[in-house]
Amino acid sequence: CALVFPLIGLYSNQTQAQNCTTLYVITGNDGRVYSVNTATGAKTLVTTMTTGRSNVAVGPDPASLGSTVFTTSQMPSGSAVFKSNTSTGTTLPVQVNGLTTNPATTGATAGFVYGISAARQLIQASPAPAANLGTITGDAIWNGGTMTGDGFFNNADELFTVVISGNSDYLYKINTTTRVASQVVQFSGTLPGSYHGLAFLNGKIYAGEAYTVTSLLSKTNKIQIYEINPNTGQSAAVGIVDLGSSGSLLGIGGTSFPDIDFATCDVYVPATGPTCNELFGIVASTQSVYRIDLTTLATTLIT
C-alpha cells in the first residue's frame with residue numbers, strides 16, 4: 001500500500017495538470033503555467049514550458065483525441081509550435097497573440113489549435129503544417145476594430161474573440177469554415193484596458209490584463225482577472241494574480257509585466273432564449289404556449 005498510494009497520487013496530479021475545468025495562465029518570461037482561482041487570484045504551478053513561452057492553448061491532442069495537451073509558441077511570425085514541450089515541426093506563418101484549441105473530441109477539426117492575426121487572418125497552428133487559412137470577414141466594427149487575438153470555442157465549432165472599436169468592446173463569433181465573423185454582444189461594466197488573455201470557464205468569459213506595480217524597493221507583476229457574462233456582456237473585476245517581484249533596489253532593472261495568455265478547454269454552450277422581436281402567448285383551454293414572430297407574425301408551439 002505504501003507504494004501504491006504515491007503512484008496513485010502521481011497519476012492524479014498528471015491528469016489534473018491538463019483539466020478542461022481549470023483556468024490556466026502562462027507567463028512568457030519564465031514559461032510557467034499556473035492554474036488560477038478566478039475569484040481570489042490564487043495560483044498553483046502546473047508545469048514549466050522550456051520553449052514557446054508566450055502563447056498557450058489546452059485541449060485534445062489532434063493526433064490522439066483521448067489525451068489532453070498544452071500547445072505553446074512565441075508570438076512572432078516564424079515561431080516554432082510545441083506540444084507538451086516537444087516541437088510539432090511547424091512554425092507560425094504570421095504573428096498571433098494567443099492560441100486556442102478547438103475542444104471538440106469528434107469532427108474534422110477536433111483538437112486543432114488556432115490563432116487570429118492583427119490583420120484578421122485565421123491561423124491554424126496545429127497540427128502541422130501550420131497555415132494561414134485566410135482573412136475573416138465581418139461587419140464595419142469587425143473590419144475597423146482592433147483584434148485582441150485570443151479566444152474560445154462553443155459547441156458548434158465556432159471561435160469567439162473580442163474586438164475593440166473606439167471605447168467599446170465587442171464579442172464576435174467566427175465560423176471557422178466560412179471565415180465569417182458576426183457580433184454577439186457589446187461588453188459593459190468594468191473592462192480591461194488591454195486583453196492579455198481570454199478564455200471561457202463554467203459559464204463565464206475570463207479576460208486577463210497584466211500590469212506592474214513599482215515601489216521603492218521592487219517591481220511586482222500582477223494580472224487583473226475580469227469575469228464577463230457572455231449573454232449580457234456585463235463585466236466585473238474579480239481576482240488578482242500576484243506573479244511576484246522582480247527588479248532591484250529602487251525598482252531599477254528587472255522586467256515589466258511578462259507576456260501572458262489564458263487557456264481552458266471548457267466549451268461555451270450559448271443560451272437559447274427569447275429575443276426582443278417576439279411575443280409569447282398562452283391558450284388557456286389547451287395550456288399551449290406559442291412564440292409569435294412580430295415581423296412575420298408566424299407562430300410556433302413552444303410547450
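The values are calculated or read from the model by the stated rules, or taken from the named source; none is laboratory data. Predicted, not measured: the structure shown is a model, and the values here were computed from it. For neighbour counting, all protein chains shown are included, and Cβ atoms are generated from backbone atoms with ideal geometry for every residue, glycine included. Heavy atoms of the whole protein, side chains included, go into the accessibility calculation; ligands, DNA and RNA do not. Shrake-Rupley method; radii C 1.70, N 1.55, O 1.52, S 1.80 Å.
Determine which single condition residue 98 fails, assuming it passes every other condition in (1) of a type in the set (Gly, Ala, Ser); (2) open to solvent by 30 Å² or more (accessible area, probe 1.4 Å); (3) closer than 23 Å to residue 196 by Cα.
(2)
Residue check: is residue 181 over 21 Å from residue 35 (Cα atoms) and buried (at least 19 other Cβ atoms within 10 Å of the Cβ)?
Values: over 21 Å from residue 35 (Cα atoms): yes; buried (at least 19 other Cβ atoms within 10 Å of the Cβ): yes.
So residue 181 fits the description; yes.
Suppose we filter 233, 197 for residues that are open to solvent by less than 20 Å² (accessible area, probe 1.4 Å), in contact (Cβ under 8 Å) with a residue 40 or more places away in the chain and more than 14 Å from the chain's Cα centre (by Cα); which single one remains?
Working: 197 fails: more than 14 Å from the chain's Cα centre (by Cα).
So the residue among 233, 197 that is open to solvent by less than 20 Å² (accessible area, probe 1.4 Å), in contact (Cβ under 8 Å) with a residue 40 or more places away in the chain and more than 14 Å from the chain's Cα centre (by Cα) is 233.
Mind telling me which of the residues 77, 73 ends up being over 22 Å from residue 230 (Cα atoms), of a type in the set (Gly, Ala, Ser) and surrounded by 22 or more Cβ atoms within 10 Å (Cβ to Cβ)?
On the way: 77 fails: surrounded by 22 or more Cβ atoms within 10 Å (Cβ to Cβ).
Matching residue, one of 77, 73: 73.
Among the candidates 118, 125, single out the residue that is open to solvent by 50 Å² or more (accessible area, probe 1.4 Å), among the aliphatic types (A, V, I, L, M) and closer than 25 Å to residue 258 by Cβ. Before you say what the answer is, go through the steps one by one.
On the way: 125 fails: open to solvent by 50 Å² or more (accessible area, probe 1.4 Å).
Step by step, each of 118, 125 is checked, and only 118 is open to solvent by 50 Å² or more (accessible area, probe 1.4 Å), among the aliphatic types (A, V, I, L, M) and closer than 25 Å to residue 258 by Cβ.
Every residue in segment 165-177 that is under 18 Å from residue 118 (Cβ atoms), surrounded by fewer than 19 Cβ atoms within 10 Å (Cβ to Cβ) and in contact (Cβ under 8 Å) with a residue 12 or more places away in the chain, please.
165
What pairs come out if I take residues in segment 274-303 that are under 26 Å from residue 232 (Cα atoms) and pair them with residues that are among the basic types (Lys, Arg) whose C-beta lies under 8 Å away, six or more apart or interchain?
Here the result reads 274/291; 278/291; 279/291; 280/291; 300/291; 302/291, each pair linking segment 274-303 to a residue that is among the basic types (Lys, Arg).
Taking the options 35, 54, name whichever one is under 21 Å from residue 243 (Cβ atoms) and touching a residue at least 40 places away in the same chain (Cβ under 8 Å). Don't jump to the end; show me each part of the working.
On the way: 35 fails: touching a residue at least 40 places away in the same chain (Cβ under 8 Å).
Matching residue, one of 35, 54: 54.
Please verify whether residue 170 is of a type in the set (Phe, Trp, Tyr), under 28 Å from residue 111 (Cα atoms), in a strand (DSSP E or B) and touching a helix residue (DSSP H, G or I) at 6+ places or on another chain (Cβ under 9 Å), treating the condition exactly as stated.
Details: of a type in the set (Phe, Trp, Tyr): yes; under 28 Å from residue 111 (Cα atoms): yes; in a strand (DSSP E or B): yes; touching a helix residue (DSSP H, G or I) at 6+ places or on another chain (Cβ under 9 Å): yes.
When the stated conditions are applied, residue 170 passes them.
Consider residue 68 carefully, then state whether it is under 18 Å from the mean Cα position of the chain (by Cα) and within 17 Å of residue 259 (Cβ to Cβ). Steps first, please.
Details: under 18 Å from the mean Cα position of the chain (by Cα): yes; within 17 Å of residue 259 (Cβ to Cβ): no.
In short, no.
Taking segment 136-159 only, how many residues are within 20 Å of the chain's Cα centre (by Cα) and either surrounded by fewer than 21 Cβ atoms within 10 Å (Cβ to Cβ) or outside any loop (DSSP other than H, G, I, E, B) (or both)? Explain how you work it out, then say what you get.
Of segment 136-159, the ones within 20 Å of the chain's Cα centre (by Cα) are 136, 142, 145-159.
Going one step further and asking which of them are either surrounded by fewer than 21 Cβ atoms within 10 Å (Cβ to Cβ) or outside any loop (DSSP other than H, G, I, E, B) (or both), we end up with 142, 145-147, 152-159.
So the count comes out to 12.
Here are 119, 80: which of them is in contact (Cβ under 8 Å) with a residue 24 or more places away in the chain and farther than 26 Å from residue 22 by Cβ?
Numbers: 80 fails: farther than 26 Å from residue 22 by Cβ.
Matching residue, one of 119, 80: 119.
Kindly establish whether residue 272 is modelled with pLDDT of 95 or more and within 24 Å of residue 156 (Cβ to Cβ). I'd like the intermediate steps shown before the answer.
Details: modelled with pLDDT of 95 or more: no; within 24 Å of residue 156 (Cβ to Cβ): yes.
Against the criterion (modelled with pLDDT of 95 or more and within 24 Å of residue 156 (Cβ to Cβ)), residue 272 does not qualify.
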